[in-house]
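**Q** This is the structure I have questions about; it appears just below.
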Amino acid sequence: MSAPQTRNQPAVDAGIDHITLSVGDARARAAEFVDRYGFEVVATGDTPEFTAVAVRQRDIVLVLLQGRADDHPATLYTARHGDGVSDIALRVTEPNPAATEPAPSVLEAFGDVTHTFVTRPAGVPWSLPGLSPVPAERPTGTARTTPPALHHLLCVDHIAVCVENGELDRVIASYERALGWQVVFGEDIHVGAQAMRSKVVQSPNGQVTLTLLEPMSGAAPGQIDDFLKKHGGAGVQHLAFAVPDIVDAVADLAAAGVGFLSTPDPYYENLDQRLGPSGHPVAELRKYSVLADRDHDGELFQIFTRSEHPRRTLFMEIIERRGATTFGSNNIRKLYEAVERQDLA
């Protein structure tokens, strides 16, 4: 991060205001989130420099940003990385709480991803400069949204980030120094000869959670190395969307066209003995390839989408927490096995 720092930066409470994805075709990407995930279009912008479409579902706002000028940041981002997350905007009470003197309200985060600081008075409708709100009903009478059956997503549970080997501690230190955020969880994960380090940094109020991953020195090249190579450096690997009932959500999302990674049947053998009493019958978890784990606080259910990115980089996660506060390290192993099967298919 590149803003001036204080020696003892007070911890900055923040929430996710919106997430910007720089894309090659804003309208097409927005239509996918509407048709498949149940978002609704809430604002649009069209200028000689950019085209933007903002879509929303409950507390999640995604801005699909397409550069139209060769030197626009979104154009430069997609040329380097393809479609992907370029900004994670943080809602705060002051424009740039990390700065010790007047400065632009943007911080460099990791790779080419930034944090823009956004302040919003209470009760004011969501908006951004250059975007105009879209009415709930368009003049033609066509609704801007999809059927209510698809409205499962609650909020962004966490954002998974891949960084280069040796960069994890530096990135963590920058969050501690700039925002006063702390590591709340960490572990080393081994998948056969592959290995990665994981640390989770979180805002004090728990509303922003970043799961940072780096490949471990000396281990065989794995999925993190593959992401970094295909993406062209550090970046967001996936967005995790929280849902109240993962079985209902996956059933509806799959019917709407979302593709999910499959889980081999042996995973579910004796799962009820390994997991103990569960909020979802094993038969339902097996039917929809949902992964299950448990920590000292409760249960965790996860499933990951197939990456439709041409580079096989960015994908999504659907997650249900029933008290669990960690991130399913056993499931991460299954994720990487599933991603390898996808890449070999």
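**Q** Does ALA219 satisfy the criteria of being more than 30 Å from VAL34 (Cα to Cα), touching a residue at least 24 places away in the same chain (Cβ under 8 Å) and surrounded by fewer than 16 Cβ atoms within 10 Å (Cβ to Cβ)?
**A** no
**Q** State the number of residues belonging to segment 49-90 that are assigned to a helix (DSSP H, G or I) and within 17 Å of the chain's Cα centre (by Cα).
**A** Looking only at that region, the number is 1.
**Q** What are the residue pairs meeting all of these: first residue in segment 116-137, first residue within 17 Å of GLY45 (Cα to Cα), second residue assigned to a loop (DSSP other than H, G, I, E, B) and at pLDDT 90 or above, Cβ atoms under 7 Å, and 6 or more apart or on different chains?
**A** GLY130/THR47
**Q** Within segment 183-210, which residues are surrounded by fewer than 20 Cβ atoms within 10 Å (Cβ to Cβ), of a type in the set (S, T, N, Q) and in contact with a Ser or Thr (Cβ under 9 Å, 6 or more places away or on another chain)?
**A** Hits for segment 183-210 are SER198, GLN202.
**Q** Under the condition of being of a type outside the set (A, V, I, L, M, F, W, C) and in contact with a Ser or Thr (Cβ under 8 Å, 6 or more places away or on another chain), which residue from segment 58-74 is farthest from GLY232 (Cα to Cα)?
**A** Only one residue fits best here, namely ARG68.
**Q** Pick out, from segment 148-245, the strands (runs of 3 or more DSSP E) lying fully within it that include 2 or more residues that are over 14 Å from the mean Cα position of the chain (by Cα) and modelled with pLDDT under 95.
**A** Numbers: elements: 155-162, 182-191, 194-202, 209-215, 235-242.
Result: 182-191, 194-202.
**Q** Regarding THR20, is this residue farther than 23 Å from ALA256 by Cα, surrounded by 23 or more Cβ atoms within 10 Å (Cβ to Cβ), polar (S, T, N, Q) and not assigned by TED's automatic domain parsing to the domain that holds VAL208?
**A** yes
**Q** Of all residues in segment 188-208, count the ones that are of a type outside the set (A, V, I, L, M) and either in contact with a helix residue (DSSP H, G or I) (Cβ under 6 Å, 6 or more places away or on another chain) or closer than 28 Å to LEU76 by Cβ (or both).
**A** Our first condition is that a residue be of a type outside the set (A, V, I, L, M); within segment 188-208, this holds for 188, 190, 192, 194, 197-199, 202-207.
Within this subset, residues satisfying the condition of being either in contact with a helix residue (DSSP H, G or I) (Cβ under 6 Å, 6 or more places away or on another chain) or closer than 28 Å to LEU76 by Cβ (or both) are 197, 199.
Counting residues in segment 188-208 that are of a type outside the set (A, V, I, L, M) and either in contact with a helix residue (DSSP H, G or I) (Cβ under 6 Å, 6 or more places away or on another chain) or closer than 28 Å to LEU76 by Cβ (or both) gives 2.
Rundown of residues vs (1) over 30 Å from ALA256 (Cβ atoms); (2) assigned by TED's automatic domain parsing to the domain that holds VAL61; (3) not small (Gly, Ala, Ser), yes/no style:
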residue: VAL161; (1), (2), (3): no, no, yes
residue: TYR175; (1), (2), (3): yes, no, yes
residue: HIS190; (1), (2), (3): yes, no, yes
residue: ASN205; (1), (2), (3): yes, no, yes
residue: LEU213; (1), (2), (3): no, no, yes
residue: SER217; (1), (2), (3): yes, no, no
residue: GLY222; (1), (2), (3): yes, no, no
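**Q** Do you know which residues across segment 246-287 are out of contact with any Ser or Thr (no Cβ under 7 Å at 6 or more places or on another chain) and among the polar types (S, T, N, Q)?
**A** Passing the criteria: ASN270, GLN273, SER278.
**Q** Limited to segment 271-305, what total is found for residues that are in contact (Cβ under 8 Å) with a residue 12 or more places away in the chain and assigned to a loop (DSSP other than H, G, I, E, B)?
**A** Selection size over segment 271-305: 7.
**Q** Can I ask one more? Kindly evaluate PHE327 against the criterion of being modelled with pLDDT of 95 or more, in the same structural domain as LEU239 (by TED's automatic domain parsing) and either surrounded by fewer than 22 Cβ atoms within 10 Å (Cβ to Cβ) or not aliphatic (A, V, I, L, M) (or both).
**A** Here the answer is no, as PHE327 does not meet what is asked.
**Q** Restricting to segment 256-302, name every residue that is aliphatic (A, V, I, L, M) and within 17 Å of ILE319 (Cβ to Cβ).
**A** VAL258, LEU261, LEU275, LEU285, VAL290, LEU291, ALA292, LEU300
The values are calculated or read from the model by the stated rules, or taken from the named source; none is laboratory data. On a predicted model such as this, the values are computed, not experimentally measured, just so you know. As a convention, Cβ positions derive from the backbone with ideal geometry for all residues, glycine included, and neighbour counts pool all protein chains shown.
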